[in-house]
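A short worksheet on the structure shown next.
The values are calculated or read from the model by the stated rules, or taken from the named source; none is laboratory data. This structure is a prediction, so every number in the text was calculated from the model and none was measured. So basically every Cβ, Gly included, is an ideal-geometry build from the backbone, and we count neighbours across all protein chains shown. We work out accessible area using only protein heavy atoms, side chains counted, and drop any ligands, DNA or RNA first. Shrake-Rupley method; radii C 1.70, N 1.55, O 1.52, S 1.80 Å.
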Amino acid sequence: MRFDIITLFPEMFEAVLGVSIIGRARNKGALKLNFHNLRDYSVDKHRRVDDYPYGGGLGMVLQCQPIFSAVEKISEGLDDKAHVLLMSPKGQTFTQSKAKELLQYNNIIIICGHYEGIDQRVVDTLVDEEISIGDYVLTGGEIAAMAVVDATARLLPGVLKEEDSHNIETFSDGLLEYPQYTRPVEFRGMKVPEVLLSGHHENIEKWRKYQSIKETYIKRPDLIKKATLTKEEQEILSKIIFE
């Protein structure tokens, strides 16, 4: 899978995506990441990429020419048509389901918005999807783009050490993950739940399922409303509600 990120600050990405799990995946060749400085595609002698908005208003707007040139140049020679994302607070909220959905594309181009916005002609003509990571405004789309790449790339085969570990994480089944514990068994009077020390795998799985549903009900009731629960899970939820 290949990501090409168009940004005003390519140096931001190596510090985050060049290390840890994603960095190792790149070194193994499981993932390709390219960071493109938008200014390199400007025809302005000063490498300018923004201008004042027509109609007046505060701030500056990213011009369409550099972005069109960048996307067209990056797309040259690709075996498959790139899926183009724009990081924008106007976009669809990014979720674990969307991360899984993006796995269908071999090539993804991400445009990082900046300033007060981006020329609408880019959105109307080049962009396949606008993506937001939450209902707030960031200085630019770089942090949001990192989140999308990280969440999507870790689902690729061979990226995680334990192939199926992402299948039991928070949001993988629409629920929050159960509480986790490690050594020591007791710390400052706080003990690990006995069931986790029992070695009884069936009871441990039941405990984890119960805790997962309870965590979600208490912390993210909105997710419970949208989750598709089995009959067993519905019975567990009923017990939790009436506790």
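The largest accessible area among MET190, MET87 belongs to the first residue in MET190, MET87, and the rest follow in falling order (1.4 Å probe, all chains).
Taking ILE131, ILE109, ILE218 in turn, the Gaussian network model of the chain (Cα-Cα springs below 10 Å) assigns the largest fluctuation to ILE218. In terms of the Cα gyration tensor, with a ≥ b ≥ c the square roots of its eigenvalues, is the range 41-147 rounded because a/c is under 1.5, prolate because a/b exceeds b/c, or oblate? Note, shape of the range 41-147 comes out oblate.
Checking every one of the chymotrypsin sites (Phe, Trp or Tyr not before Pro) in the range 100-160 against DSSP loop status and a limit of 13 other Cβ atoms within 10 Å picks out TYR136. On a 0 to 90° scale, report how tilted helix 64-75 is relative to the longest principal axis of the chain, with both axes built from alpha carbons and the result rounded to the nearest 10. For 64-75 against the chain, the angle is about 70 degrees.
Roll a 1.4 angstrom probe over the protein heavy atoms and tell me the percent of accessible area of the chain that is carbon or sulfur.
Numbers: 7440 of 14610 Å².
Carbon and sulfur atoms account for 51 percent of the accessible area of the chain.
Principal-axis analysis of the Cα atoms of the chain puts helix 231-241 at an angle of about 80° to the longest axis. Within the listed set GLU186, GLU14, GLU142, the Gaussian network model of the chain (springs between alpha-carbon atoms below 10 Å) gives the highest mean-square fluctuation for GLU186. Once the 1.4 Å probe is applied to the protein heavy atoms, the chain comes out at 60 Å² accessible per residue. Ranking VAL84, VAL19 from most to least accessible surface, computed with a 1.4 Å probe over the protein chains only, gives VAL19, VAL84. Taking all protein chains together and rolling a 1.4 Å probe, TYR217 ends up with roughly 80 Å² accessible.
When the chain is treated as a GNM with alpha-carbon contacts under 10 Å, the residue of LYS98, LYS226, LYS90 showing the greatest mean-square fluctuation is LYS226.
Note down the relative contact order for the range 1-149 as a percent, whole number, built from C-alpha pairs under 8 angstrom at least six residues apart.
Rounded, it is 29 percent for the range 1-149.
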